[in-house]
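Engineer: Sharing a structure below in C-alpha cells format, with a few things to ask.
The values are calculated or read from the model by the stated rules, or taken from the named source; none is laboratory data. This is a predicted model, so every value here is computed, not measured. Note that each Cβ is placed from the backbone with ideal geometry, even for glycine, and that neighbours are counted across all protein chains shown.
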Amino acid sequence: MPRVRLKVGPMPDMVAIADEFPDTVIRFVANYPSEDGVTSVLEVRTDDPGRFVTETEQWFSGSSSVLHSDDDTVVIMIEGRPPDGYFVSEDIEYHPTTPVVAREGYLFIEFVMPESKMAAMWDALDERDVEYEVLSITDGYDVVDTLTSRQREILATAVERGYYDSPRGCSLTDIADHLDVNKSVVSGVLHRAEGEIIKDAVGDPRDERATTES
C-alpha cells in the first residue's frame, strides 16, 4: 500500500518549543484514549532534558509526568485533549505509523493506507481546518526527514569532509572548527543523528521486547 507523508502545521506549541530548543526532536511513540481525552507518550531528544521539562510544561495542554530522563533524552506522558487534527485518523479509520515526529514546529506524519482512502483523508483534513503539505506518496521512507536541520547540516559536513571515510579524512575538531562551534556540540549532534539512522536501518530490539512484555 502507498505511504503518504504529510507535514502538518505549524503547531503553536511545537513552534514555541522549536524556538527555545532548536535542536530538539520529539517523537510521539504512543497515543491511546483516556478519561481526559488522549494519553500521549513522547520521547524527546534534547541537549538539556532538565530545562526542557521545566520550561515546556506550560506549552502542553493537560497534565504531564516524566517517565524517564538521562543526559540527552526525556520520556514524558501527557494526558489531555489533542489538537483537532488528531481525530482525522478516527475519521478515516486509519492511524499513522509511529513514531509521529515533531521538529521545527511541524509534525511529520506517515500513513500507510489503500489508495481508495486518500480522498477521505484530504476531505477530513480540510473539514477540520488542518494546515498540511503532502511531502510524498510513495512506497519508501527516508529517515533523514526525522533529523533536525542542524543534525542534517553537521552530518552533511562530516560526510563531505571525509569523517566517515576509512581512514578518516578529518576529526571532530576539524568539523567543529569548520562550523565554528564547540567540539562537544558536534559530537552530541552526530551521536543522535547516527543513532536515528542506525535504528532505522537495523531496528531497535527494545521495541520488540516492549511489545512482547505488553
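Engineer: Report the residue count in the stretch 18-40 for those that are in a loop (DSSP other than H, G, I, E, B) and small (Gly, Ala, Ser).
Structural biologist: Qualifying residue count for the region: 0.
For every residue, the table says whether it meets (1) in the same structural domain as Thr98 (by TED's automatic domain parsing); (2) loosely packed, with under 14 Cβ neighbours inside 10 Å; (3) of a type outside the set (Lys, Arg).
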{"position": "Ser136", "(1), (2), (3)": "yes, no, yes"}
{"position": "Ser149", "(1), (2), (3)": "no, yes, yes"}
{"position": "Leu155", "(1), (2), (3)": "no, no, yes"}
{"position": "Tyr163", "(1), (2), (3)": "no, no, yes"}
{"position": "Pro167", "(1), (2), (3)": "no, yes, yes"}
{"position": "Thr173", "(1), (2), (3)": "no, yes, yes"}
{"position": "Asp180", "(1), (2), (3)": "no, yes, yes"}
{"position": "Gly188", "(1), (2), (3)": "no, no, yes"}
{"position": "His191", "(1), (2), (3)": "no, yes, yes"}
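Engineer: Just a yes or no: is a residue in the stretch 42-53 modelled with pLDDT under 85 and part of a strand (DSSP E or B)?
Structural biologist: no
Engineer: Criterion first (outside any strand (DSSP E or B), touching a Leu at 6+ places or on another chain (Cβ under 7 Å) and among the aliphatic types (A, V, I, L, M)) does Val15 satisfy it? Spell out how you get there, then give the answer.
Structural biologist: Details: outside any strand (DSSP E or B): yes; touching a Leu at 6+ places or on another chain (Cβ under 7 Å): no; among the aliphatic types (A, V, I, L, M): yes.
No.
Engineer: Spot the failing condition for Glu115; the list is (1) out of contact with any Ser or Thr (no Cβ under 6 Å at 6 or more places or on another chain); (2) at negative phi; (3) charged (D, E, K, R); (4) surrounded by 13 or more Cβ atoms within 10 Å (Cβ to Cβ), and only one is missed.
Structural biologist: All conditions are met except number (4).
Engineer: Scan the stretch 129-144 and give yes if some residue there is under 20 Å from the mean Cα position of the chain (by Cα) and in a helix (DSSP H, G or I), otherwise no.
Structural biologist: Yes, there is a match, as at least one residue in the stretch 129-144 is under 20 Å from the mean Cα position of the chain (by Cα) and in a helix (DSSP H, G or I).
Engineer: Condition test on Thr56, is it surrounded by 14 or more Cβ atoms within 10 Å (Cβ to Cβ), modelled with pLDDT under 85 and not in a loop (DSSP other than H, G, I, E, B)? Explain how you work it out, then say what you get.
Structural biologist: Details: surrounded by 14 or more Cβ atoms within 10 Å (Cβ to Cβ): yes; modelled with pLDDT under 85: yes; not in a loop (DSSP other than H, G, I, E, B): yes.
Judged against the criteria, Thr56 is a match.
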